[in-house]
1. Going by a ≥ b ≥ c, the root eigenvalues of the Cα gyration tensor, does segment 98-172 fall in the rounded group (a/c under 1.5), the prolate group (a/b larger than b/c) or the oblate group?
2. In nm, what is the difference between 0.36 nm times the number of residues separating residue 430 and residue 88 and their Cα-Cα distance?
3. Hey, with R₀ at 35 Å, roughly what FRET efficiency would residue 99 and residue 273 work out to, going by the Cβ-Cβ distance, to 0.05?
4. Tell me, what does the Kirkwood hydrodynamic radius of segment 294-444 come to in angstroms if you use every pair of distinct C-alpha atoms?
5. Run the numbers for residue 137 and residue 372: contour at 0.36 nm per residue of separation, minus the present Cα-Cα distance, in nm.
6. When N is the residue count of segment 223-286, what does its C-alpha Rg come to as a fraction of 2.2 N^0.38 Å?
7. Decide, for segment 88-141, between rounded, prolate and oblate: order the square roots of the alpha carbon gyration tensor eigenvalues as a ≥ b ≥ c, take rounded if a/c falls under 1.5, and otherwise choose prolate if a/b is larger than b/c, else oblate.
8. Fewest to most neighbouring Cβ within 10 Å: what's the order for 230, 101, 106?
Ligand SMILES: O=C(O)[C@H]1O[C@H](OP(=O)(O)OP(=O)(O)OC[C@H]2O[C@@H](n3ccc(=O)[nH]c3=O)[C@H](O)[C@@H]2O)[C@H](O)[C@@H](O)[C@@H]1O
């Protein structure tokens with residue numbers, strides 16, 4: 001008689017298994033049958049464990065030996081996507097980061113689907129540098145705008161990996177696939193007023209996320225040079241103008257500003273202990289096409305067009321509130337010049353081998369404009385009268401004015417802003433009208 005293999009024991013269609021009539025055979029069959037069932041369920045159980053194992057981020061074939069530390073962390077909700085890794089994914093990462101010019105660099109851009117991140121990534125790619133983007137696509141503002149920026153970058157050949165800077169396993173994997181020479185760190189929780197509503201998001205991205213990134217950067221070989229976004233808000237309640245990098249920055253007016261200031265101190269520590277080359281850029285109210293909908297110039301435009309009143313802040317005794325609005329193209333030039341002049345980090349094997357570069361620059365326009373003028377310009381460009389709702393400057397993070405002294409950036413980076421608010425807003429409005437009129441498709 002033909003012996004019955006275990007595989008043969010498993011009926012492909014239950015109820016269709018033919019039983020033998022002999023009692024001996026019958027007994028054997030029953031024994032075989034229970035053995036078969038046991039084998040079947042054990043196999044199914046093992047298969048399930050195997051599938052779960054493959055899906056786990058820490059043990060995916062793509063992850064490094066280091067375990068994510070965030071599994072019991074409530075901030076894990078920010079880590080939406082653990083779906084990374086595998087040969088096809090690695091190929092995309094490598095191809096995006098491939099250098100195509102002679103003296104090019106390979107840059108990891110965090111926050112690449114953000115406003116500044118998109119512009120910097122596209123500019124680097126255009127001149128032949130290798131660029132890989134990283135973004136967690138959170139919903140602080142309309143994620144479809146971030147997706148549209150991602151699509152723009154995809155067309156330019158920049159792959160934006162979906163992931164969070166707190167995911168150290170992912171960061172390590174990225175460095176394993178590409179030995180990035182530079183990191184342009186722009187991922188952050190932005191906005192001064194929102195910090196009252198969601199303080200934890202600032203701690204998560206601007207503190208924990210920064211440390212996570214620096215931990216990885218200090219331990220990889222070679223260490224990259226890092227350029228990152230600080231903020232003009234670190235000048236806080238200072239009254240001396242224009243703001244110079246030498247001025248005090250110990251009076252932040254918002255938690256946002258406090259996290260950026262803390263970031264500057266954290267940068268000092270990683271430079272001091274591990275020899276990381278670090279450049280912090282204090283951006284002054286950056287605006288332009290593809291901008292952030294939470295910023296005043298952006299939602300003023302939207303609300304003027306829809307006839308909604310706009311809240312315009314004024315200081316005590318009808319005091320003027322003003323900003324050193326800085327156009328995105330000028331900021332991009334400042335970012336690229338910072339990357340170009342960044343010296344190499346000096347550490348290796350996680351240890352500092354010599355003093356490393358540590359810089360902070362103001363990137364502003366040096367020409368503050370009252371918010372009321374911003375509204376006047378928008379009205380003319382949109383050809384719609386704004387409904388002004390004059391309000392007292394709230395005490396929730398706003399400062400009365402900002403004004404950058406840019407002599408240091410001018411000297412060291414060759415930084416020279418060339419766009420006034422009128423010109424820059426004209427470009428923004430043109431983009432805005434096309435983007436929102438054409439179903440978010442055609443704006444460049
Ligand atoms: O320069 C910076 O460091 C900061 O610039 C902006 O912060 P902010 O200058 O407050 O930019 P907006 O929120 O666009 O406000 C611009 C001006 O409009 C005023 N404003 C804002 C909102 C509003 O409803 N009404 C109003 O008059 C503000 O007081 C401010 O003077 C960004 O939102 C921050 O992420 C960035 O770090």
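Bear in mind that the values in this text are calculations on the coordinates, not laboratory data. Not measured: the values here are computed from a predicted model. Neighbour counts run over all protein chains shown; Cβ positions are idealised from the backbone, glycine included.
1. Oblate, because a/c is 1.5 or more while a/b does not exceed b/c.
2. Taking 0.36 nm per residue and subtracting the Cα distance, the gain is 119.3 nm.
3. It comes out at approximately 0.70.
4. When all Cα pairs of segment 294-444 are included, the Kirkwood radius is 18.0 Å.
5. 81.3 nm
6. So segment 223-286 has a normalised radius of gyration of 1.15.
7. It is oblate, given that a/c is not under 1.5 and a/b is not larger than b/c.
8. Going from least to most buried by this count: 101, 106, 230.
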